[in-house]
Amino acid sequence: MLSFLFKRRGFQGGVHPEDRKQATSHLPIQTLPLPERLYVPVQQHIGAAAQPRVQAGQKVLKGEMIAAGSGPVSAAVHAPTSGTVVAVEPHPAPHPSGLPVQTIVIEVDGEDRWTDEPEPEHALNLEPEVIAQRVAEAGVVGMGGATFPAAIKLNLGSRHTIDTLVINGSECEPYLTCDDRLMRERTQEVIDGVRIMRHALGARHTLIVVEDNKPEALAALQEHLYEMDHLEAMSVPTRYPMGSEKHMIKAVTGREIPAGKLGADIGVIVHNVGTAYAVHRAVRMRRPLVSRIVTVGGGAVQRPANLEVPLGTRVEELLAYCGGTRETPARLLMGGPMMGQIMPHAQVPVVKGTNGLIALTAAEINIDDPMPCIRCGRCVAACPCGLMPLEMASRIRSEDMDGAAAHGLMDCVACGSCSYVCPSHIPLVQYFQHAKGVLGDRREQQRRQEELKKLAQQRRARQEAEAQAKAEAAARKKAEREAAKKKRAQQAEAKETPAPAKTNDKDKAEA
Ligand code: SF4
Ligand code: SF4
């Protein structure tokens, strides 16, 4: 066992919400039948949107790249099945902006035909850069919901010394069990992906971390691991938000990420188990990311399930497959109830980061009107980041965003623990997300203004340089003209001066 190498600590704060996983944790992954149409957004990740490479009328095969990553932080998008592109146009999508996103609409032909049939690859013989390249080409992103392009994190071994790779199998959000089922049912594939990632990063130690409410997943992993492989599956106490990168690193290694730094700066990289599985598919099997496992749950769902779903399938298809709803959901969430995104309706598609579709009844959520803060301090005790949520909220209410920032707003990981414990039902985390959005917009505006200022300065400098070059050229021409004039004058003068008379030999003799 390697765990003795790690100075583990718990983390302060956090909460222990009722996990409500029993409804789906025993249900094996089922494959959702192909819908008639898929709505595949080109923006399913953090970073720049991918650029469409197909147009209406074009036939595509499963796994074909239909949108290419653009810029250093982006991810390619592939056709989730074979069919015909019928439109490339904006559609509703689960994007934080809430705005429609450019979407490639595919009419499914039902053949589900791949582009090719590649042989499995000897992935551990590949150079780290080749692994990262294959992961990038496959469009793999953080599958725990973060959706950061995975290849970028796999490349960090070339710039940082990474001694520890942590694989996050904690799945700490209530209701969600897709990672649990993945670890139990596709254990070897997950471990293979972990080994490939460890090889790419050059990490000496690797820990797969599972909360102690998933004993079957932990047992399945431990059964497939070898003692000499420097790879360990370990259990941690169930505590929300254990899955937050910062808190997981602290809990399993005892190391703290300094403010403004990343895990890589202290030698640790965290990836999700779903990402490990996607890396196995991308590198070993040469298959891009075209589907994912989604937990469909919540009290409003008739038959909760864990489904493997082609990306781009609309939420309404998942609900219909699960027998529809018992009652109109009071809240429809993409992701878990603590950090999930509220969906306005069921016509949004499943994307790479969709780990859950949770339809909650009114009885399951706290929809009481907020009351004034009673300064009980529970939010402070619950905050795993050591912040003062009540102080930040009071400043945000008075539009003092800078004051909230001075109280650590930007360190808030939006885990929702404070809202969860607040007896006054104050939607604290919503305040923080709103304020972060305002500050983000303000920073973006400042960045644009600075960029414009820089461009104006550059233009002025260019104009000045051009004017100086023009003046120099004019002076040079003038000098050349004057030199030519002088030369001409000298030549004319030379012509007008009579040549001295020549004396010949005869004259000399006569003399
Ligand atoms: S938990 Fe709610 S009521 Fe208590 S101090 Fe925090 S914001 Fe105020
Ligand atoms: S302030 Fe932020 S990090 Fe702290 S509990 Fe609230 S949401 Fe979580």
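The values are calculated or read from the model by the stated rules, or taken from the named source; none is laboratory data. As the structure is a prediction and not an experimental result, all values here were calculated from the model. A quick note on method: Cβ atoms are made from the backbone with ideal geometry, for glycine too, and the neighbour counts reach across all protein chains shown. Note: areas computed on protein heavy atoms with side chains; ligands, DNA, RNA excluded. Shrake-Rupley method; radii C 1.70, N 1.55, O 1.52, S 1.80 Å.
Here is how the numbers come out for the structure above:
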quantity	calculated
Cα-Cα P(r), the chain, percent of pairs per 20 Å interval	20, 48, 17, 5, 5, 4, 1, 0
Long-range HN-HN contacts of Gln30 with modeled amide H, under 5 Å	Asn306, Leu307, Glu308
Per-residue ³J(HN,Hα) for segment 444-454, Karplus 6.51 cos²θ - 1.76 cosθ + 1.60, θ = phi - 60°, Hz, x for Gly and Pro	5, 4, 4, 4, 5, 4, 5, 5, 4, 4, 5
Unpaired by the 4.7 Å Cβ criterion, cysteines found in the chain	Cys172, Cys178, Cys322, Cys373, Cys376, Cys383, Cys385, Cys412, Cys415, Cys422
Most positive-pole-ward Cα, Gly157, Ala278, Ala123, against dipole of the chain from beta carbon charges	Gly157
Nearest-20 debye value, segment 1-155 charge dipole, Cβ charges on Lys, Arg, Asp, Glu	840
Peptides ranked, highest mean first, by Cβ atoms within 10 Å: ranges 136-144, 312-320	136-144, 312-320
Amide hydrogen neighbours beyond the local backbone of Asn272, cut-off 5 Å, H modeled	Met143, Gly144, Asn168
Carbon plus sulfur fraction of accessible area for the chain, probe 1.4 Å, in percent	51
Rounded to 5, percent antiparallel among DSSP beta bridges of the chain	60
Partner lysines for Lys250 [C-alpha distance under 16 Å; skip if fewer than 8 residues away on the same chain]	Lys7, Lys261
Karplus-derived 3J(HN,Hα), 6.51/-1.76/1.60, for each residue of segment 31-44, Hz, glycine and proline x	9, 6, x, 5, x, 6, 9, 10, 10, 9, x, 7, 10, 10
Per residue value of the accessible surface for the chain (all protein chains in place, 1.4 Å probe), Å²	50
Alpha-carbon Debye profile of segment 1-149, log10 I(q)/I(0) at 0.09, 0.12, 0.14 Å⁻¹	-0.43, -0.72, -0.90
Label-point gap, in nm, between Ala414 and Arg462 - each point 7 angstrom along Cα→Cβ	3.7
Taking N as its residue count, the alpha carbon Rg of segment 310-364 over 2.2 N^0.38 Å	1.05
Inter-site label distance for Glu117 and Ser158 at 7 Å from Cα along Cβ, in nm	3.5
Among 291-299, 113-121, 79-87, 372-380, the order from most to least packed when residues are scored by Cβ within 10 Å on average	291-299, 79-87, 372-380, 113-121
Test item: Cα-centred dipole of segment 354-412, Lys/Arg +1 and Asp/Glu -1 on Cβ, debye	180
Ala479 paired with His345, simple spin-label distance in nm, labels 7 Å along Cα-to-beta-carbon	7.5
Selected from Gln446, Asn213, Ala48, residue furthest toward positive end of dipole (the chain; charges at beta carbon)	Gln446
Cα-based reach from Lys21 at 15 Å (exclusive), listing aspartates and glutamates while leaving out same-chain residues under 8 positions away	Glu171, Glu173, Asp179, Asp180, Glu211, Asp212, Glu216, Glu364
Cut-off under 5 Å, modelled amide H: who pairs with Ala67 long-range	Arg53, Val77
Nearest-20 debye value, the chain charge dipole, Cβ charges on Lys, Arg, Asp, Glu	2340
In sequence order, calculated HN-Hα J values of segment 386-395 (Karplus, 6.51, -1.76, 1.60; Hz; x Gly/Pro)	x, 9, 10, x, 5, 5, 4, 5, 5, 5
